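Okay, so here's the structure we're looking at.
The values are calculated or read from the model by the stated rules, or taken from the named source; none is laboratory data. None of the values given here were measured: they were computed from a predicted structure. When we count neighbours, we look across all protein chains shown, and the Cβ atoms used for this are built from the backbone with ideal geometry, even at glycine. These accessible areas exclude ligands, DNA and RNA; they are computed on the full protein's heavy atoms, side chains included. Shrake-Rupley method; radii C 1.70, N 1.55, O 1.52, S 1.80 Å.
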Amino acid sequence: MQLIDNYQRRFHYLRLSITELCNFQCQYCLPDGYHPNKDSALDGHNHKFLSLSEIENVVAVFADLGVHKVRLTGGEPTLRRDFIDILSLISSYPTIKVRAITTNGSRLLKNIANWQAAGLNAINISIDSLSPYFFKLITGQDKLFEVMRGVDRSLELGIEKVKVNTVLMKNRNDNLADYLAWIKDRPIDLRFIELMETGDDRQLFDHYHVSGSKMEAQLIEQGWQLQPKERLAGPAKVYTHDDYQGKIGLIMPYSKDFCKSCNRLRISSVGKLHYCLFGDAAVDLRALLAKPEQREQLKVQILASLAIKPEKHYLHDHNVGITQNLSYIGG
Ligand code: SAM
Ligand code: SF4
């Protein structure tokens, strides 16, 4: 059985948010830090984040539906006390070949070896500037060098895919030179992500959004070459250069046809299926996550929900859907 929508897009990749909690204060996400009363999708009905057994039911059903990549995200996923148990659980499904996380890197250096032992084989680390001053300004945390050491440790340990996410912000981090020097001798897959508008950040968006196309032009001018897209690849445009071990990907949600290569579905930390980061609605699966006996019903519900996945987002019209900030469902 496969997950295919009405626009012939195939979904083999699940982004699973396991918490909204976070220990950073990124300006474009949780500028005042995480406040359960203000930022939370928790309510009387969903009063806790998904439990380990609910996560198991989600993963089992998506594995059955042909998903072979699961990314844990949040909030900051590594803050969960049972994080290693969640990784081990995902690793117990042999068809889930890619077991990934997106993290702010605050716990990376100390824990990456244990995460790898629990099955982690792909990691995205968010680093919004290579200047300690701007890193602290953007994230609220003075941890740039510790996070960078965590990246190096991940490479030393041979984690198969080490990616670094940088959200582009005008006059803060849209300077390519530092990044190029860093990835010259490191096999890092660097991803520049255009700042996306969310319900909370219209003003910040207007002030700091910068199109990735300016950076793309610089890359082409410096001899970087666009790689042909692999068959099931997501929306990033990936560039390589013979003189560099690292690669550079551009994620430009405001570019034409961005949604055509959408290959992922998202489950929030309270068990809602979001077909799009910026959709107007989400399907609440929580009631079907309680018992393994409900897995067939859960499958039917997921397949039925896919029929209403929209063709594209409407960010150009400033329609950000129900997403207040990305700590609800991960980026
Ligand atoms: N806390 C983890 C982290 O920061 O890597 C995982 C969750 S975070 C929501 C996932 C990704 O979304 C990060 O790379 C973050 O930079 C990105 N993100 C958050 N808000 C964004 C926005 N408004 N526009 C673009 N990317 C955003
Ligand atoms: Fe936390 Fe990640 Fe949001 Fe930054 S982007 S505040 S690290 S959830």
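Which percent, nearest 5, of DSSP beta bridges in the chain are antiparallel? Expressed as a percentage, antiparallel bridges in the chain total about 25.
Let me know the shape class of the chain, please: from the alpha-carbon gyration tensor, a ≥ b ≥ c as square roots of the eigenvalues, rounded when a/c is under 1.5, otherwise prolate if a/b is greater than b/c, or oblate. List each step's numbers first, then the result.
On the way: a/c = 1.40, a/b = 1.34, b/c = 1.04.
Since a/c stays below 1.5, the shape of the chain is classed as rounded.
Loop exposure criterion: GluC sites (Glu not before Pro), DSSP state outside H, G, I, E and B, at most 15 other Cβ atoms within 10 Å. Applied to the chain, the longest stretch between such sites is 1-159.
Which links in Lys136/Lys272; Lys163/Lys299; Lys247/Lys272; Lys143/Lys184; Lys237/Lys309 stretch past 28 Å when you go from one Cα to the other? Show your work: numbers first, answer last.
Values: Lys136/Lys272 33 Å; Lys163/Lys299 31 Å; Lys247/Lys272 34 Å; Lys143/Lys184 22 Å; Lys237/Lys309 23 Å.
The pairs that break the limit, which is 28 Å between Cα atoms, are Lys136/Lys272; Lys163/Lys299; Lys247/Lys272.
When a 1.4 Å probe is rolled over the protein heavy atoms, the share of accessible surface on the chain that falls to carbon and sulfur comes to 50 percent.
Sparsely packed loop sites in segment 219-299 (the trypsin sites (Lys or Arg not before Pro) outside DSSP H, G, I, E and B with at most 11 other Cβ atoms within 10 Å) comprise Arg231, Lys256. Taking each DSSP H run with n ≥ 4 as -39500 (n - 2.57) and averaging over every residue of the chain yields -8000 deg cm²/dmol at 222 nm. Taking a straight Cα-Cα cut-off under 14 Å and skipping sequence neighbours fewer than 8 places away in the same chain, the aspartates and glutamates within cross-link reach of Lys97 are Asp64, Glu160. The amide H of Asn124, built 1.01 Å from its N in the peptide plane, has Ile101, Thr102, Thr103, Lys163 as neighbours under 5 Å, considering only residues 5 or more places off or on other chains. Counting only cysteine Cβ atoms and a cutoff under 4.7 Å, the chain contains unmatched residues Cys22, Cys259, Cys262, Cys276.
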